[in-house]
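The values are calculated or read from the model by the stated rules, or taken from the named source; none is laboratory data. Everything numeric here is computed off the predicted structure, so don't read it as measured data. Note that each Cβ is placed from the backbone with ideal geometry, even for glycine, and that neighbours are counted across all protein chains shown. Areas reflect the complete protein model, heavy atoms only, side chains present, ligands, DNA and RNA absent. Shrake-Rupley method; radii C 1.70, N 1.55, O 1.52, S 1.80 Å.
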Amino acid sequence: MHKITIFPLGNADTYRIDLAGGQKLLFDYAHVREVNSSTDLRCDLPHELRVDLDEAERAGFDVVAFTHLDNDHVRGASEFFHVLHAAKYQGGDRIGIRELWVPAFAITDGDLSEDGRVIRAEARHRLRNKTGIRIFSRPEALVSWLESEKMTLDDVRHLITDAGETVPGWSAADGKGVEFFVHSPFSSRQDDGTLADRNACSLVFHVTFTVDEVNTTALLMADTPWDALSEIVRITKAHGNESRLAWDLVKLPHQCSYLSLAAEKGAEETTPEASIAWLYETQGHEGAKIVSTSTPIPRNDDDTQPPHRQAAAYYRRVLRRTYDGEFLVTMTHPSETAPKPMVFRIDNRKLTLERRLAVMGVGATSVAAPRAG
Amino acid sequence: MTSQRDSDPRLSPSNESSSETGVRGGPTVQGGNAQTQDSPRESSTDLTGTPSAAVWAGTLLSSIDECEVFQLTLPRARWLAEFIASGALAPWVTLDRCRRVMDREVVEFRIRVELPQRRAYDIFDEEPIVVVIQADASVMPEVLAVRSDFPADVPHRNLSEDVRPVSLCLYDVRFRDIAASWTPSRFIARIQEWLQLTARGELHGADQPLEPLFLGMPEMVIVPHALIEQALQAKPVDLTQTLCIDLRVTGVRIDPPNEPFRVRLYQGAEPMFGSTSRSHVAIVIRLRARTHGAIRSTPRSLEEVIQALESEGDTPVQALRARVSTMCREQSASGEAHVILVLVVPVRREDGQPVTNVQTLTILTTLTFEEIGRRLGVLERFGGVLVPLLTPSEVQPLNNVPIFLAQTYRTLTREDLAQQQGLSEALEHRVVCIGAGALGSQVIRNAARSAAGRWTIVDDDALLPHNISRHVELDGDLGVHKALLAAAGANCTADSEPVHDAIIADILTPGPKAETVANALAGADLLVDMSASVTVARALARDTAPSVRCVSFFLSPTGQYLTMLAEDRERTVSLDLLEMQLYRAAIESEPLHALYTERGGRIRYGQSCRDISATVPQSVIAVHAGIATMQLTHLLQEGSGGGARLQVWRLDEQTGEVSCTPIPAYAAQIQRVGAWLIVTDEGLLTRLYEEREAKLPCETGGILLGHYDFVRRIVYIVATLPPPADSRGGPDRFTRGYRGLTRAVAAVQARTAGQFTYIGEWHSHPRGCSCLPSTPDENLFSWIRTTLLADCLPPLMLIVGDEGAVPYLETLPADSAYPAVFPVPTGFSS
């Protein structure tokens, strides 16, 4: 059984994938909770992660992926992780990272917060040492940075995964019951025939979990705008990779912003761009779920920032009409007054959203032990 | 009733207007509601239905029963309602309302359920639940899933009069066994778990009989499993047709003759107790294969049974008419016999899948065979003789024919036995067992109960009064051969063709049974000796030499110890050698010193040292029989690599603690010298070489202990004792001292029940020397000869040197040749 845990962090992203084989993969890190606040309903992320690692007798993650280095995806990371490049960020009860996954622009771009800079420095350090790192991009996009480091593409090519590929070590052949397929960052061919890197795009994975030959698929997106998503769909179809767009679970991009569906918000419901509509309306499976990592969906338009009710209305309608599915919001699960991490178990019956009665462990204690006679 | 849509919790999970009508008091009940309106039943006094369901359904029509939580008076109802109202389970459980209905109280709530994306049963995200609590606190609170379209074919529901509401069967134990630990939180957790496991199709025990919780079906029918199998295979094997099977139930046994009705159906074999009667006749009907149970509500008349079956596409009337005619023609039923209908229902998991399960339902009718034939329009009496009609007349109404559903149990197969005992399958190995005494009879019965092996029991004893206290058989069997009793008892553990048999013979002198015994041995996979006779074990090891692996189990005289001597599969370490190594362990291993001590501390001597004394409690034998059975099961399951094993279990009768002493089983070393076979083992040779090594360059030595078999002319050299303190050794000499030696040998004899005696001397030769006797050795040998010949024993001297251990027996060789050489054990340079 595999597990995906999505943490309630307001309008910020962090989720963890626990594989049946014990591997743990963390996606983003946003420690946003006001420390010592009694009214902040967002979860205490470092605490949740530490408790889980302690339970598993682990001191670190097999993979920590940063979909991009915006503050709501890396906040507090410099205080939480044990990084290799600077003693200042080492020791104590810091959490280890076996393999760091970042998009190429995390290596090359400037203008970052303190936490973003630490992650960038760590990614560069690991890339220079050619270990414990995976970069996602068209390899050529790194050439100029490599030249400045007096390195060649051949030195690090094996550490780079382009869109349209599966992540080495994490594909079906590796026997972990999971396969990560990369949709973004990607490049697209321009009218003049040259390739333009969509480097501003954050990581987008299509994950296939397999249990007893039953597949469960998840489309895990970060801050992907509609035109990028539309292009991902177009390119993937052009390569005949439609199966990489099938979904049982979608982690919505950008906190349920209408801008991940279309340029126009719409009055009551956002009308998505055509290929995005195709993705949501035809590629889902019965009983599918869509998760918005956000605050509750507002009832009005007073706040221009996401989440947007018009986008939510679209997702809800599609799920209800087409898939008998469920639209979930991290900050209202299980209730708006007491959100808790959202846990999906994945087994041969596909997704199960965990609903534990808080009072006690269910199972052994709720039945009389059988008496053998 | 208002439309169905608004009660669909998927679409509107909560907060429906409670001001709608009183009907909104609970979710809608589709069928049940209409029925309630048409014919309101005397719900609370109707003992044949599910009273709680009826109570609940009856309250639908009005809201006057509603009450506040604090108005509830029954402790469990109040506790449950208060707990939910407290919000402790929010947001998963929400209280809807409470009611007081006559002497019962009702708590209604909604529970949210963890659902897999792919569901086996259509459980909803949120399910409305009604709990009915009776004034009688010994009655389990009944749990009703009241959604109008809640799946009615779920396993583990209580049988109720109507299809809905579905009454959840939460526990597979009686409520009184959990009443003391009942809490609202556990109760609700169990309800949620039931729903969740049902949604996954993983609620265990789906093949259990429907729980007759409120109906209290006291009637029981026990059906031979073979009958069910034959029904499934009956031709034509067209599982889309209803078929009355041409299967004859030869008799029914009814115990006791009055209420409640408990019936066992027989085919062929007669019961051990009581006798069968022809007062009832069973008709077996195979229904069409389906994906759920046969009958989901409780029919009250034969008419309702037929309607229920016909609604599933079965044609019971047609099938019954044909079968009743045939039975009448064949005169296989008397007209006065009451009719029992056995419904065999092939169940498949999903449409198009093979049949994986069979349900059996038994219906007791109040009609005789003649009456049912007349009602079906196929029988008539002409001139006092009941005959089938050539042209059947119309079927008469059957709605005034009351019926009783009986709990149906199927008899066990060997596979069932194995499964219940935790074996993956019945073990069909052939086991020949020598001895069906106290230990043997119990081990055989144990093994038969777990379908471990097909046993042939060889014993020529008859059951005598003094056996009874420690034997599985009983007073009524006195005088009968133990082998027959053991085989018959073993065959009665499953309802199958006999697989165990008996040979009444003494294994040592089978006489006319010699060929039978030989055949049994030839076909055996394992020979189990529980004869408690050393003679038998020796014979098995040395004389009969069957190619089959042997294992001996026996108790010590006090019953405190159980010993297992198990040969390896290739029989390189035979029973007699294992026996010798056991004696050696009794000398050398402290926990085994008392192996042959009798109760009261008396020491026992003599050949029959495996006989138990007269005062061993049966409880002790039962413990050992259990251990022996476990070991036997392991041996049967062992693959080809089964090595020799020697183990002793000691039971502490005060604390009940059992400790196990494993003893290493060493490979045999056998040499022939003259007319004698000299048998020793790697264990002793290793010890002798260790002592030699320790004293080099000087010589060392000591006495040899062992056993003679004069019939087979075997000397077993098994043990030695450390040289007495006054022994003297040099590079070219060794003189064995004597201080304390007599006492030491006496102790050896005590610890081995006299089996071990002094048999000769050994000494080492230093490096570079041959193992030929020197002149002092010749003197030593003639001293041994003088000493032992006085006791009619052959003199033995063993010289341990570079070339091996050389035994000199009876005489010294005239030429300079070794009579035999035991090789130097591995690890010692020669």
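A few comments on the model shown:
- Under the simplified labelling scheme, the B:Glu693-A:Ser243 pair shows an inter-label distance of 6.4 nm, with each label point 7 Å from Cα along Cα→Cβ.
- Alpha-carbon geometry of segment B:348-401: the Rg and the Dmax are 17.3, 53 Å, given in that order.
- Chain A - Rg over Rh from alpha carbon coordinates, Kirkwood radius: 0.97
- For the residues of A:348-357, the average number of beta carbons from a partner chain within 10 Å of their own beta carbon is 6.
- DSSP beta bridge pairing in the protein assembly as shown, given as percent antiparallel to the nearest 5: 70
- Here's the picture: a label point sits 7 Å out from the Cα of B:Thr516 along the beta-carbon direction, and within segment B:446-469 the residues with their amide nitrogen under 19 Å of it are B:454-463.
- If you plug the beta carbon distance of B:Thr315 and B:Asp525 into 1/(1 + (r/R0)^6) with R0 = 56 Å, you get a FRET efficiency near 0.65.
- Calculated FRET efficiency, B:Ser782 to B:Arg712, Cβ-Cβ distance, R0 = 35 Å: about 0.80 to the nearest 0.05.
- Segment B:311-447, accessible area per residue, ligands and nucleic acids excluded (1.4 Å, Å²): 45
- For A:Thr67, the residues whose modelled amide H falls within less than 5 Å of its own, excluding neighbours fewer than 5 places apart on the same chain, are A:Asp28.
- J(HN,Hα) series, segment B:768-773, from Karplus relation 6.51 cos²θ - 1.76 cosθ + 1.60, nearest Hz, glycine and proline x: x, 9, 7, 9, 6, x
- Considering only B:Gln233, A:Ile95, B:Leu696, the residue lying farthest towards the positive end of the dipole of the protein assembly as shown is B:Leu696, judged by Cα position with unit charges set on Cβ.
- Taking every residue in A:330-343 and counting other chain Cβ atoms within 10 Å of its Cβ, the average works out to 1.
- Estimated inter-spin distance, A:Thr337 and B:Ala675, nm [label 7 Å along Cα→Cβ]: 10.3
- Extended-chain gain in nm, criterion 0.36 nm per residue less alpha-carbon gap, B:Asp136 and B:His429: 100.1 nm
- One Cα centroid belongs to segment B:467-517, the other to segment B:719-796; the line between them spans 49 Å.
- Ranked packing of B:642-655, A:115-128, most packed first, by mean Cβ within 10 Å: A:115-128, B:642-655
- Relative contact order (%) - segment A:282-343, alpha-carbon pairs under 8 angstrom, separation at least six: 40
- Annotation: amide H-H contacts under 5 Å for A:Thr14 (H modelled 1.01 Å from N, sequence separation of 5 or more, or interchain): A:Phe7.
- Compactness index (Cα Rg / 2.2 N^0.38 Å), segment A:46-201: 1.08
- Net charge over other residues, Cβ less than 11 angstrom from the Cβ of A:Phe61 (K, R count +1; D, E count -1): 0
- Listed by chain and number, the aspartates and glutamates whose C-alpha is less than 18 Å from the C-alpha of B:Lys235, apart from same-chain residues fewer than 8 away, are B:Asp246, B:Asp314.
- Proximal charge balance of A:Gly177 [Cβ under 11 Å; K/R count +1, D/E count -1]: -4
- Listed residues B:Leu463, B:Thr516, B:Ala502: farthest to the positive end of the dipole of segment B:459-519 (Cβ charges): B:Leu463
- Pairwise label distance in nanometres, B:Val387 with B:Leu478, each label 7 Å out on the Cα-Cβ vector: 5.8
- With a Förster radius of 51 Å applied to the C-beta separation of B:Glu570 and A:Val35, the computed FRET efficiency comes to 0.10.
- As computed over segment B:294-343, the Cα convex hull volume per residue (Å³): 84
- Reach of B:Lys513 by Cα under 25 Å, taken over lysines that are not fewer than 8 positions away in the same chain: B:Lys482
- Based on DSSP H segments of at least four residues, each scored -39500 (n - 2.57), the protein assembly as shown has a per-residue ellipticity at 222 nm of -7000 deg cm²/dmol.
- For segment B:494-574, the Cβ-based charge dipole about the Cα centre amounts to some 360 debye (Lys, Arg positive; Asp, Glu negative; other atoms uncharged).
- Ranked packing of B:752-761, B:517-526, B:318-327, most packed first, by mean Cβ within 10 Å: B:752-761, B:318-327, B:517-526
- Around the Cα centre of the protein assembly as shown, unit charges on the Cβ atoms of Lys, Arg, Asp and Glu (plus for the first two, minus for the last two) sum to a dipole of about 1780 debye.
- Think of the protein assembly as shown as having a plus end and a minus end, set by charges on the Cβ of Lys, Arg, Asp and Glu; of B:Pro795, A:Ser292, A:Leu203, B:Pro795 sits farthest toward the positive end of this dipole.
- Inter-chain neighbour count for B:179-190: the average number of beta-carbon atoms from partner chains within 10 Å of each residue's beta-carbon is 4.
- Across A:Lys3/A:Lys88; A:Lys176/A:Lys237; A:Lys3/A:Lys237; A:Lys24/A:Lys340, pairs whose alpha-carbon gap is larger than 25 Å: A:Lys3/A:Lys88; A:Lys176/A:Lys237; A:Lys3/A:Lys237
- Whether the protein assembly as shown is rounded, prolate or oblate, judged on the alpha carbon gyration tensor where a/c under 1.5 counts as rounded: oblate
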